[in-house]
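The values are calculated or read from the model by the stated rules, or taken from the named source; none is laboratory data. On a predicted model such as this, the values are computed, not experimentally measured, just so you know. Cβ atoms come from the backbone with ideal geometry, glycine included; neighbour counts cover every protein chain shown. For the accessible areas, the whole protein counts, side chains as well, though only heavy atoms, and no ligand, DNA or RNA atoms are used. Shrake-Rupley method; radii C 1.70, N 1.55, O 1.52, S 1.80 Å.
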Amino acid sequence: MNASAPTSAETLRSTLGGLLDGLPPKQAAAAVERLIASYRGQTPTDAPVLRDRSDVAAYAAYRMPATFEAVRSALDGLAEAAPDWAPGSHVDVGGGTGAATWAVDATWDGPRETTVLDWAEPALALGRELAAASTSDVLRAATWQRAVIGSGLSLPEADLVTVSYVLGELTPQARTAVVAEAARAGRAVVLIEPGTPEGYLRIREARDQLIGAGLQIAAPCPHDGTCPIEVGKDWCHFSARVSRSSLHRQVKGGSLPYEDEKFSYVAATRFPTEPAASRITRKPQIRKGLVLLELCGPEEEGLNRVNVTKRHGDLYKAARDADWGRAWPPAP
């Protein structure tokens with residue numbers, strides 16, 4: 001894994017900082033508010049969501065750091081399940097300004113060929129501009145290509161295919177086609193959606209589709225069996241912490257310097273991996289002398305709760321430091 005990940009995040013934030021120069025704050029905030037509904041997947045469409053540079057600049061400044069952190073967290077799950085593997089090539093479907101590409105670059109070392117596909121040319125243009133300002137040879141050499149994301153999509157074969165915050169923008173038919181093509185083209189496929197009940201259902205449906213196409217689940221699930229969550233009563237999602245920009249504070253209000261991005265994801269591969277024995281599915285609850293962990297375990301166990309106490313020695317110390325979304329028990 002790439003030790004320069006924090007530097008990549010800082011570089012992205014500083015590069016994004018200049019995007020809104022010359023764009024009136026009220027116009028930026030209005031563009032973001034109008035686009036949030038599309039990001040949330042409430043308006044499936046067959047047209048690009050981001051239409052011009054002002055749309056792209058405002059939305060990138062607002063959403064790109066959160067997308068970067070969510071994708072990087074999902075990629076960490078894949079990297080932990082396949083510690084000796086790194087992608088030699090990467091295709092980012094619906095990648096827009098390239099947040100997922102930055103996240104891939106922050107996760108693995110080594111040379112890669114990266115292609116970002118999106119149907120909005122203004123997003124691709126801004127993505128190129130951001131990548132050119134980075135310190136990464138991989139990002140600066142990336143290919144940015146316009147493509148219709150939907151039925152009829154044709155992808156080049158790649159070691160890794162990412163599709164982040166895209167499925168909710170598509171009609172059901174287009175969504176199925178995109179997942180099928182990603183499964184065909186990629187040796188590893190990582191799909192990320194907002195951490196809402198609807199986003200989880202899209203990931204759950206895509207997970208089944210990936211398994212049906214012959215891939216095996218690497219993360220977050222410990223197995224390839226049926227998801228044990230009862231639909232309508234709960235949903236699988238995780239959280240990534242994001243530094244808030246001034247635009248975040250203007251649109252959402254509040255004074256905290258951070259917010260937590262909730263996301264759902266699945267990572268699947270055509271090569272052997274070592275999935276987590278169990279996955280922490282909620283923020284650990286720390287009590288005096290006790291840590292309560294909610295886990296998704298092996299298929300035969302499903303969902304369960306574990307109490308870790310001081311009597312467990314080093315395991316108790318590990319539980320106090322455990323994060324939502326991490327594997328359990330921790331690696332020795």
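Tabulated results
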{"quantity": "Listed residues THR269, ALA183, GLY289: farthest to the positive end of the dipole of the range 168-301 (Cβ charges)", "calculated": "GLY289"}
{"quantity": "LYS283 accessible area, assembled protein chains, probe 1.4 Å, Å²", "calculated": "150"}
{"quantity": "Contour minus Cα-Cα distance for LYS310 and SER154 (0.36 nm per residue)", "calculated": "50.7 nm"}
{"quantity": "For the range 124-280: relative contact order, % (alpha-carbon pairs under 8 angstrom, 6 or more apart)", "calculated": "24"}
{"quantity": "HN-Hα J in Hz across the range 168-184 - Karplus 6.51, -1.76, 1.60, θ = phi - 60°, x for Gly and Pro", "calculated": "x, 8, 9, 5, x, 5, 5, 4, 4, 5, 5, 5, 4, 5, 4, 5, 5"}
{"quantity": "Per-residue SASA entry for ILE149, accessible area with 1.4 Å probe, Å² rounded to 10", "calculated": "10"}
{"quantity": "The range 151-254: GluC sites (Glu not before Pro) falling in loop per DSSP and having at most 14 other Cβ within 10 Å", "calculated": "GLU157, GLU230"}
{"quantity": "Candidates per chymotrypsin sites (Phe, Trp or Tyr not before Pro) in the range 53-161, loop by DSSP, up to 15 other Cβ within 10 Å", "calculated": "none"}
{"quantity": "Gyration tensor (alpha-carbon) shape descriptor, the range 91-225, a/c threshold 1.5", "calculated": "prolate"}
{"quantity": "Between the range 206-226 and the range 82-157, the alpha-carbon center distance in angstrom", "calculated": "24"}
{"quantity": "Net charge dipole size for the range 129-264 [Lys, Arg +1 and Asp, Glu -1 on Cβ; Debye, nearest 20]", "calculated": "280"}
{"quantity": "Spherically averaged projected area in nm², based on the convex hull that wraps the Cα atoms of the range 152-236", "calculated": "5.4"}
